[in-house]
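These notes concern the structure reproduced below.
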Ligand SMILES: Cc1cc2nc3c(=O)[nH]c(=O)nc-3n(C[C@H](O)[C@H](O)[C@H](O)COP(=O)(O)OP(=O)(O)OC[C@H]3O[C@@H](n4cnc5c(N)ncnc54)[C@H](O)[C@@H]3O)c2cc1C
């Protein structure tokens, strides 16, 4: 089963995974001398401020993703970038920890997925998703502003909208996890497990630097961590946790005294409770169908847009270079997804270790001192800082961070930190 000149590829969903799929297909097809008819179905208008125009996330682009964009001949325009992040500040009971970007050459930026907060003011920021979709359109991809109601199975997949029933040679499902993938039961697709997060936007509190992101821990109960991410005149609040209460953002703002940082208090400007995928989906490929991005598999709590890029690339490479049958995707696409799943296992272990560590004030203090002591070392030897930077930005694999945190240097640093904590206590 192969794509040929004139084959119709229909991509359902115009978030990052959908646009990256189109761009990768064009790249590989161009190299293979193949001309395809590619359409993206996306009803969302990314130029609208607020949740209606937004795919709801913290909007941090890892440096790996920023570098990957170049392989698609894309460069992030200045008006899409809301902030260049050069440091994270961890707020612990024992004090603050400043973690600077370990390698200044590796750029981490924040973007808006839509056009800023619902109650934001003009000039509205340029949406990252909207910009990416425009890049695909500029290269000949057809955007259909329609929501897909069903994808029917058969000899050829059938894409059904309110107005059309269209046959495709290949359907790429890039619908994320915040709406139901419209695949008929016959495809055997089972979506990933998800958890509900909480987000809002505020004006960047006075006195906070526009290039530093902030990480906080409880309150509210159930929080794994909460991030405050600068975006131009605003700051995004993203809370990752288990079973967060409905008033999580208000508790977070009050609990961390954020409302005292600005004379006008901290009115919230947007508000949403998006879902994040915490497992891979099942049945994510079939004859003439492949799911990408969150609808297939993503990185645990991190760099979901980077994972969308990787899965889209692997699916497009398979479709052009190998074929569009189930066996082709099993042989050539599945391994790329399994790599992400395996890496997430290390991520889960790291988050569990961190949760255990936080139960003991002594351990947190020992670890904090280990991080502080590292500031005397050259950046390459600042193991704890590199692990923290990687965990909060998604800029490195969980596997590498896991083994780094068990390295001899990291454990020796922790022992020294424990000694210092005991002496001080
Ligand atoms: C709280 C939170 C914070 C996050 N922070 C980050 C971060 O800082 N950095 C990062 O890289 N990732 C982050 N993520 C993850 C990131 O949001 C996702 O991994 C990423 O959006 C996945 O892209 P996608 O294209 O697969 O799905 P989505 O971005 O969800 O896009 C899916 C698209 O499909 C469209 N669609 C859905 N159904 C249909 C249909 N039937 N017909 C037509 N179109 C349809 C939708 O309108 C949407 O545009 C975060 C997630 C959450 C929940």
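Only the coordinates and a few stated rules stand behind these numbers; no lab work does. Small disclaimer: the values here were computed from a predicted structure and weren't measured. Backbone-built Cβ (ideal geometry, glycine too); neighbour counts: all protein chains shown.
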Specify the inter-centroid distance of the range 166-222 and the range 61-117, based on alpha-carbon positions, in whole Å. 18 Å
For residue 165 and residue 211, extending 7 Å from Cα along the Cα-Cβ vector and measuring point to point gives, in nm, a value of 5.8 nm
With r as the distance between the Cβ atoms of residue 184 and residue 339 and R0 = 30 Å, compute the FRET efficiency 1/(1 + (r/R0)^6) and round to 0.05. 0.55
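Kindly state, as a whole number, the per residue volume in cubic angstrom of the convex hull around the alpha carbon atoms of the range 198-273.
75 Å³
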Placing each pseudo-label 7 Å from Cα in the direction of the beta carbon, residue 327 and residue 193 end up separated by a distance in nanometres of 3.4 nm
Per residue Cα convex hull volume in Å³ - calculated over the range 1-65: 121 Å³
Once you place label points 7 Å from the Cα toward the Cβ at residue 353 and residue 404, how far apart are they in nm? 1.2 nm
Write down the percent of antiparallel bridges among all DSSP beta bridges whose residues are both part of the chain, to the nearest 5. 65 percent
Mean separation of Cα pairs under 8 Å and 6+ residues apart, divided by the residue count of the range 304-372: what relative contact order is that in percent? 21 percent
For the chain, state the semi-axes of the equivalent ellipsoid (square roots of 5 times the eigenvalues of the alpha-carbon gyration tensor), sorted largest first and rounded to whole angstrom. 39, 24, 19
At R0 = 30 Å the Cβ-Cβ FRET efficiency linking residue 250 and residue 106, nearest 0.05, sits at 0.30
From Cα pairs below 8 angstrom and at least 6 apart in sequence, can you work out the relative contact order of the range 241-343, rounded to a whole percent? 22 percent
Can you give the extra length, in nm with one decimal, that the chain gains between residue 278 and residue 243 once fully stretched, where that is 0.36 nm per residue apart less the Cα-Cα distance? 11.3 nm
Length gained when the stretch residue 362-residue 416 is fully extended (0.36 nm per residue, less Cα-Cα span): 18.1 nm
Estimated FRET transfer efficiency when R0 is 56 angstrom, pair residue 218-residue 5 (beta carbons, to 0.05): 0.45
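Relative contact order (percent) for the chain, with alpha-carbon contacts under 8 angstrom and 6 or more residues of separation?
About 19 percent, as a whole number.
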